[in-house]
Amino acid sequence: MKKTDDPEFDRYAHTYKELHKQSVQASGEEPEYFAAYKAAYMAGALGHLSKSRLDILDFGCGVGGSTPHLRVFFPGAEITGMDVSGESIALARAANPETSYKAITDDVLDLPDDSVDVAMAACVYHHIPPEQRLRWTLELQRVLKPGGHFFLFEHNPFNPLTRKVVNECPFDEDAILLKSGESAKLLADAGFKQTKISYIVFFPKAMAGFRPLESYLSWLPLGAQYVAHGVA
């Protein structure tokens, strides 16, 4: 993962929200829908634990778009956002002053061992060079408490609309998509247990009436995204 002084990670910070909005417009939804979806998914997977006092790490937090939704679904949580983009971190702090954000400046996370209950990476790994992915997964394993949960959300490369969106999105120009099997192997190789793959985001806004069925389709590899969930 490149350092925060590399402008490649900073040049889209101030236009990220508008570019993201344009990239997902075919779905009929705003970017906030997808951020809320992920927070709701994690809360559902954790059940009653989501109401506990949890330490949550948003790895690759960008401009902090997930933070308000994490606060809704995890009302008692202490949230830390970390990203390699210093510009994005500055914008996240301005938007969410009650949240702790840290720039990643070295090849390690500035967090103690066994200090995090839940870690998430929301469509981050396709920006990490393949040869560095296991090292960062091991870092996330290091900072998670025994029994802590890691949720790795990624684009599904088998979904043609997803591939079109990624190919046309300016800030995804470096993207190398991961198949769900690769994500599952990363978690297993890093020592995570009980790894589960679920496919998510099946229906656009025009077909929102079918969305209650999505939880029954999690086995079907046609969702626009998927999540790999493992336990430390």
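The values are calculated or read from the model by the stated rules, or taken from the named source; none is laboratory data. None of these values were measured; they are calculated from a predicted model. Reconstructed Cβ throughout: ideal geometry from the backbone, glycine too, with neighbour counts over all protein chains shown.
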Restricting region 133-159 to residues that are polar (S, T, N, Q) and within 18 Å of Cys61 (Cα to Cα), the residue that is farthest from the chain's Cα centre (by Cα): Gln141
Contact list, first residue from region 127-149 and within 18 Å of Ala77 (Cα to Cα), second anywhere and assigned to a helix (DSSP H, G or I), beta-carbon distance below 9 Å, six or more apart or interchain, is Gly148/Gln141; His149/Met42; His149/Ala45; His149/Leu46; His149/Leu49
Given the residues Val116, Val165, which is the only one that is more than 30 Å from Lys51 (Cα to Cα), aliphatic (A, V, I, L, M) and in contact (Cβ under 8 Å) with a residue 60 or more places away in the chain? Val165
Which residue out of Ala36, Ala94, Ala40 is hydrophobic (A, V, I, L, M, F, W, C), modelled with pLDDT of 95 or more and farther than 23 Å from Glu154 by Cβ? Ala94
Give me the residue from region 157-175 that is under 14 Å from Tyr199 (Cβ atoms) and not polar (S, T, N, Q) and, out of that set, surrounded by the fewest Cβ atoms within 10 Å (Cβ to Cβ). Leu161
Index of the failed condition, Glu98 passing every other in (1) over 22 Å from Trp136 (Cα atoms); (2) in contact (Cβ under 8 Å) with a residue 12 or more places away in the chain; (3) not in a helix (DSSP H, G or I): (2)
Scan of region 126-156 for residues that are surrounded by fewer than 18 Cβ atoms within 10 Å (Cβ to Cβ) and touching a helix residue (DSSP H, G or I) at 6+ places or on another chain (Cβ under 7 Å), ordered by number: Leu134
Could you grab me the full set of residues in region 62-116 that are exposed (fewer than 15 other Cβ atoms within 10 Å of the Cβ) and β-branched (Val, Ile, Thr)? Val72, Thr105, Val108
Those residues of region 69-87 that are outside any loop (DSSP other than H, G, I, E, B) and closer than 22 Å to Tyr37 by Cα come to a total of 11
Return a yes/no flag: does region 50-57 have any residue that is touching a His at 6+ places or on another chain (Cβ under 8 Å) and either under 21 Å from Ala208 (Cβ atoms) or in contact (Cβ under 8 Å) with a residue 24 or more places away in the chain (or both). no
Considering only region 182-201, how many residues are small (Gly, Ala, Ser) and crowded, with 18+ Cβ neighbours inside 10 Å? 4
